[in-house]
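Comments concern the structure below.
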Amino acid sequence: MRIIPFVLSTETSKAPKHIAIIMDGNGRWATLRNKYRTSGHKAGVNSVRKAIKQASEIGVQWLTLFAFSSENWQRPEKEVSMLMELFTRALKKEVPELHENGVRLSFIGDLSRFSDGLRKRMKTVEDLTKENKKMVLTIAVNYGGRWDIMQAAHRLALALKNNLIKESDINERTFEQFLSLNDAPYPDLLIRTGGDQRLSNFLLWQAAYTELYFTQTLWPDFDESSLNQAVEEYYNRERRFGKIPNHVKEEI
Ligand code: IPE
Ligand code: IPE
Ligand code: MG
């Protein structure tokens, strides 16, 4: 196992290119404080701001945040509408600064379930920031890994029907052109806050070889140093991708 000291300024080349985060634990954070769950979601917005800034400092080029899953519609109506309101508000409030800082925004998920107004807003934000080069920030909303694979299968079937692709050309590389995040490398590191150790239907295909990092820290408590800690742990992981370790000599 390699132990590389964590020095932000010199470690940028080894920095994970793509970090994905399951931002979990807002509800418990609020409950612990005898507050409504929605106040946890509000507090979580500050952590989003901190994570974006710190990821950019570290040299991360793609940051993908799980904001709302396809299954989260099953929550109480009030909580869902509050989450939508927070999302809409954050879009208005945060975008100018993100744009100024060279962040390109993108949204993945089944956006058809959102109101016309919100969909338009997301499209405007994507268009406004599309030339930005510092970092790509992808927000997963009404996203599910199974949905992603299914929608890719549907689009592939359509391409096949329209003779845009031959059956013999279907392989992992061509299939994933139809998936979300098709212009990003696979996530190097996936962080889940809140203590649970599961993917909850996030990036099922893309995270096949991603390093997983679970922390008890609840999302509203996750700050710059929490992200540094996760990245530090990532530096100490050995990624083998099914091969034998680099330093081990082949037996003859
Ligand atoms: C994550 O926090 C935010 C969303 C899923 C939208 P939770 O609301 O799931 O918080 P816990 O897991 O109940 O504490
Ligand atoms: C995952 O958290 C989804 C997001 C963080 C947006 P959940 O709280 O919905 O996941 P489960 O229900 O604990 O698996
Ligand atoms: Mg949760």
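The values are calculated or read from the model by the stated rules, or taken from the named source; none is laboratory data. Just so we're clear, the structure is a prediction, and the values are computed from it rather than from any experiment. Note that each Cβ is placed from the backbone with ideal geometry, even for glycine, and that neighbours are counted across all protein chains shown.
Of all positions in segment 202-223, at least one carries a residue that is farther than 25 Å from residue 238 by Cα and away from ligand 1 (no atom under 16 Å from the Cβ).
Of all the residues in segment 105-122, those that are in contact with a Leu (Cβ under 9 Å, 6 or more places away or on another chain) and in a helix (DSSP H, G or I) number 5. Of everything in segment 207-230 that is part of a helix (DSSP H, G or I) and more than 15 Å from the chain's Cα centre (by Cα), the residue that is nearest to ligand 3 (Cβ to nearest atom) is 220. Evaluating residue 204 against the criteria (1) of a type in the set (A, V, I, L, M, F, W, C); (2) in a helix (DSSP H, G or I); (3) in contact with a Gly (Cβ under 9 Å, 6 or more places away or on another chain) leaves one unmet condition, (2).
Looking only at segment 135-164, which residues are in a loop (DSSP other than H, G, I, E, B) and surrounded by fewer than 13 Cβ atoms within 10 Å (Cβ to Cβ)? Those that are in a loop (DSSP other than H, G, I, E, B) and surrounded by fewer than 13 Cβ atoms within 10 Å (Cβ to Cβ): 162, 163, 164.
Residues are listed down the side, and each one gets a yes or a no for (1) out of contact with any Ser or Thr (no Cβ under 9 Å at 6 or more places or on another chain); (2) buried (at least 17 other Cβ atoms within 10 Å of the Cβ); (3) hydroxyl-bearing (Ser, Thr, Tyr):
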site	(1), (2), (3)
166	yes, no, no
211	yes, yes, no
217	no, yes, yes
239	yes, no, no
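The requirement of being free of Cβ contacts under 8 Å to residues at least 40 places away in the same chain and either within 24 Å of residue 144 (Cβ to Cβ) or within 16 Å of ligand 1 (Cβ to nearest atom) (or both) is satisfied by residue 81. Inside segment 58-97, residues that are part of a helix (DSSP H, G or I) and within 19 Å of residue 184 (Cα to Cα) make up a count of 1.
Screening 46, 26, 34 for residues that are among the polar types (S, T, N, Q), within 28 Å of residue 104 (Cα to Cα), surrounded by fewer than 18 Cβ atoms within 10 Å (Cβ to Cβ) and modelled with pLDDT of 95 or more leaves exactly one candidate, 46.
Scanning segment 193-208 for residues that are buried (at least 21 other Cβ atoms within 10 Å of the Cβ), more than 8 Å from ligand 2 (Cβ to nearest atom) and not β-branched (Val, Ile, Thr) yields 203, 206.
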